[in-house]
Every structure is written in structure tokens, then in C-alpha cells.
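FYI, it's all coordinate maths here, none of it is from the lab. Nothing here was measured: the structure is a model prediction, and the numbers come from that model. Neighbour counts are summed over all protein chains in view; Cβ atoms, including those assigned to glycine, are modelled from backbone coordinates with ideal geometry.
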Amino acid sequence: MLTKNSAVQLNAVNHAITLDQFNYLQVTPHNKLFRTSEWYAGFNKLRQQSAHDAKLGFPKGTTFIEPEIQEVTKLASKEKWIQSFKKAYSGKIRRLPLKAYEPEISRMFVAKLGNKEIGFIRITNYTDVFEDVYDGEVWNIGEIYVKPSYRGQGISSRLIHYVSRCCHVKSILLEPERYEENQYYFNRQGFTFALKTDDGLLRVYLDHFKDIALRRLALATQHETINVE
């Protein structure tokens, strides 16, 4: 449900943000605020507008750039970005089969400044996994990478916000250590509810998708019990 009524505006003010800083708030029928990707984008905008020494302000010297975000369609470009990610990543990475690059299975987006590509994000399709508990599309963030010279300028946040807003992203896959070290950052992006996967990783869901993730987990557990019996 989307609304702009005064009750929601009051709720938004209580959360230190005003309605003119983002398009809509997603709320329950009881006007309980969900912190959507739009909320976090608005909140980051508010922080950028605050003085450096204010409670919400970013540290002095923090810079922000606005990249253009485009979808990658060529297989060679997709493989190039995955290789860049592998070189920078210290954990284990499974080799992606060619089928995994098909657009109905995964999609990739790059951040560009002029003609320079400075980072990418890849999302994977989990709609089938949730079809029994959710009617819409469900996508998961698999990898994010930003070139070293452009880090610390909000590029990852912009990529995350873009796919959350435009591509039905509901979760991000992380190693437990990475989530623990950067929990504040991921929580700020709206990813607050973590469930462990079978291979020991964490799938961290957006705040407003928690109940659906739990329903899907309960259904999966029920099926496993039936199979064991």
C-alpha cells in the first residue's frame, strides 16, 4: 500500500526524514513505517545535506558522485566484470556456468562516469523459490564490485538502491564475516533480516520482506519433515 497521508508524514518525521525527500513510503494498513530502499535513499540525501559536524552529517572530506547505471548485455563484458570481482575477493567463488549469464537467470548492471565503467552489481532470480508464498518477482544481489579509485564515494549504495528500486531485489548474499563487519552499512541499505543458507552463507533480506522470508522458510522446513517421514 502506498500513501502520502498526514499520519504517515508524522511517522516519517519521527524517523528524521520528510516526504519531499523520496517518492513514497510503503506502510501497513496501520501506518507502520517500513524502511524501503526509497526511505534509505532519502535518508542518505538528508545526511548529505547536513553539516559535517551534525549528528546525521557525513565526515568532512566525504565526496559523492552520481554515476549513470546501465544494464550489461554482452557476455564478454559480464565475464570481464566477474573476473575483476574474483581478483578482488578473498573468499571462495564458484565458477559460473554460461547458463548463469542468461537474463532470465541473472542480470548485471554497471555504474558509469562518462565513458568509464567504475563498478558493477549482479542479481540472480529467486522468483521460483518464493512462488508459493509471494506473487511478485524476487531477485537477490550476488556480487558488487567498485574499482579501488572510486570506492568510498557511494557507488555501491547507488547500485544497491537502483536494483532494489527497479529490479524487485529483496535480498543480498553475504559471508557471515562480511555481514558482521559491515552490518551497519547493509542495515542502512534496508537489509536487516539474515537467514543462514545451506552452504553457511547469509541471505540478508530487506526489512519489509522478513515475514515472507519466514513463511517460505516454514514451508521449506515442513516439506523436509514430510520427506524425512
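Summary of computed values
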{"item": "Extension reserve of the K99-L219 stretch, reckoned as 0.36 nm per residue once the Cα distance is removed", "result": "40.4 nm"}
{"item": "Sequence-distant aspartates and glutamates (8 or more away, or on other chains) whose Cα lies within less than 12 Å of K116", "result": "E68"}
{"item": "Distance (nanometres) between label positions extended 7 Å along Cα→Cβ at R178 and E66", "result": "2.9 nm"}
{"item": "Of K74/K210; K87/K196; K45/K74; K147/K170; K60/K147, pairs whose Cα-Cα distance is over 30 Å", "result": "K74/K210; K45/K74"}
{"item": "The range 68-221 shape via C-alpha gyration tensor axes, a/c threshold 1.5", "result": "prolate"}
{"item": "Residue-count net charge about L195 - beta-carbon cut-off 10 Å; Lys, Arg +1, Asp, Glu -1", "result": "+4"}
{"item": "Cβ-derived FRET efficiency at R0 35 Å, A54 paired with K147, nearest 0.05", "result": "0.70"}
